[in-house]
Amino acid sequence: MSYQEAKERYAALGVDTEAALAACADKAVSIHCWQGDDVVGFDNKDGGAGNGIQTTGNYPGRARNFEELKADFLQAVRLIPGKKRINLHACYAVFTEAHPWVDRDQITYDHFAPWVAFAKEHGFGIDFNPTIFSHPMVKEGLTLSSPDETVRRFWIAHCIACRRIAERMGAELNDQVLNNVWIPDGFKDVPADRLGPRMRLKAALDEIFAEPCPHVIDSVESKFFAIGVESYTTGSNEFYMSYAARHPGVYNLLDAGHFHPSEYISDKIPALLCFFDKVPLHVTRPVNWDSDHVVNYTDEIREICKEIVRCGALDKVLVGLDFFDASINRVAAWVIGTRAFEQALLNALLQPDEELKRLQDTGAFTKKMMLMEQAKIMPFSDVWAEYCRREGVPADESWFAEVQRYEDEVQSKRG
């Protein structure tokens, strides 16, 4: 079937494919830089992730520095349709002779000016994250909730520095920057004090968010559990949801891997939109727990996108990707995961939502079920092919040959 035929088929259901294509192309997706180097960063003198985060695999060709990571990122985005942002962690500070290495509590905008220049050159937005892991000042698995005043002060200073950097980034790009705080804090076994760590975290956040930063959108990222903190997570969903509700301008970021396997992020999005004007979102693919697998075109990813579209929230849900897989080609991982999200988003934009809502509101549930099932077998692939053609990227698997060429000619030559 051709695009024109698919367009007519969708029109029969009341769906405007041209409007869907335009909306998909205009929705920015924040692509995480840390897939390219296994969350190692440039500031860790010991090398490697740890103290709260873990990447598995040892596929050759990992980016080792700023120039290699930029090149790999560009190679990936050439094969991905749609509008892009760069999601940066503070550990990706660029140290030079003019701006040498400093510890995380002393970083400044100058260490990220090269990233801003890169973003300006290629028309990317930027989002930012304090890096509160993989550092000696993660003591006993604790950071902002630590009873050790020295530890807590170090991480408060780091987070304040990051907000100031994000503010300068936003000013330079004439944009708003999502600055997201995630901490690994918690306990492996049943704690004797559940309240104390959360009161310390609350006080730390109050200090971190005290300074007005008009170019910054602040978020805190909740978590259910992880390896090493199976019994208690300080920054739980209830804690951060309550904090965000009491602190205008701070939002609870939903990560698709940070909830119980029986919970669905797609259902949480419309719930939050009743009360918040923005919902920051990290899209990943958990396998039994927060394992951050490469995003695929799965049922839940499609449902997440459907809720974003159904709620009229394309401008309210701030989408960032968050996966890291070192067992496969890292550039290919970026391409597979981001294209999967773009496919899910375009598919969501092609649903006959108005008719489905009408059928639900009038109690015509049998017809609603029929139409939902019919929508699943509509000629989506022809609209996807047209989207990719307009965006100047391959629609089919032919993109992989370019990644293979890049691995052979560039990545395989890295030590």
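FYI, it's all coordinate maths here, none of it is from the lab. Keep in mind the model is a prediction, meaning the values are calculated, not measured. Here Cβ is always computed from backbone atoms with ideal geometry, including for glycine, and neighbour counts include all displayed protein chains.
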Each residue of the range 230-242 in turn: what ³J(HN,Hα) in whole Hz from Karplus with 6.51, -1.76, 1.60 and θ = phi - 60°, glycine and Pro shown as x? 5, 9, 7, 10, 4, x, 6, 4, 5, 5, 6, 4, 5
Would you mind computing, in nm to one decimal, how far apart the modelled labels at M1 and D105 are, each placed 7 Å from Cα along Cα→Cβ? 6.1
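Counting only C-alpha contacts under 8 Å and six or more residues apart, can you give the relative contact order of the chain as a whole percent? Let's see the in-between values first.
On the way: 736 pairs, mean separation 84.7, N = 415.
Computed over the chain, the figure is 20 percent.
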Among T143, T96, T55, T131, rank each residue by its count of other Cβ atoms within 10 Å, from fewest to most, as a rough exposure measure. T96, T55, T131, T143
Relative to the longest principal axis of the chain, what angle (0 to 90°, nearest 10) does the C-alpha long axis of helix 399-409 take? 40
Between the range 356-408 and the range 102-177, what is the separation of their alpha carbon centroids in Å? 37
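In terms of the ratio Rg/(2.2 N^0.38 Å) built on C-alpha atoms, what value belongs to the range 27-352? List each step's numbers first, then the result.
Numbers: Rg = 18.4 Å, N = 326, 2.2 N^0.38 = 19.8 Å.
The reported ratio for this selection is 0.93.
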Taking the highest mean first, how do the peptides 252-262, 342-352 order by number of other beta carbon atoms within 10 angstrom per residue? 342-352, 252-262
Springs between alpha-carbon atoms under 10 Å, Gaussian network over the chain: tell me which of G82, G41, G312 tops the mean-square fluctuations. G312
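At 222 nm, what value in deg cm²/dmol follows for the chain if DSSP H runs of at least 4 each add -39500 (n - 2.57) and the sum is divided by all its residues, to the nearest 500?
Working: 14 runs with 175 residues, N = 415.
Computed ellipticity for the chain at 222 nm equals -13000 deg cm²/dmol.
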How far apart, in nm, are the 7 Å Cα→Cβ label points at K120 and D315? 2.7
What Kirkwood radius, in Å to one decimal, follows from the Cα pairs of the range 291-415? 16.8
Ranking L173, L318 by Cβ neighbours within 10 Å, fewest first, what do you get? L173, L318
Mind pulling the angle between the C-alpha long axis of helix 330-349 and the longest principal axis of the chain? Nearest 10 degrees, somewhere in 0 to 90. 50
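Would you mind counting up the charge near A340? Only other residues with Cβ under 10 Å from its Cβ, with Lys and Arg at +1 and Asp and Glu at -1.
Numbers: positive: R285, R302, R339; negative: E342.
Net charge around A340: +2.
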Choice from I328, I132, I160 with maximal GNM fluctuation in the chain (Cα, 10 Å cutoff): I328
If you filter the range 326-415 for trypsin sites (Lys or Arg not before Pro), then keep DSSP loop positions with at most 13 other Cβ within 10 Å, what is left? R414
If one compares the long axis through the Cα atoms of helix 195-208 with the longest principal axis of the Cα atoms of the chain, the angle in degrees, nearest 10, works out at 80
As I understand it, the dipole of the chain uses +1 on the Cβ of Lys and Arg and -1 on the Cβ of Asp and Glu, about the Cα centre. Which of P248, I328, A192 lies farthest toward its positive end? P248
Cα radius of gyration and Dmax for the range 230-331 (Å): 14.1, 43
Highest-first arrangement of 205-212, 134-141, 391-398, where packing means the average Cβ count within 10 Å: 134-141, 205-212, 391-398
Difference of contour (0.36 nm per residue) and Cα-Cα distance, H247 to S398: 49.6 nm
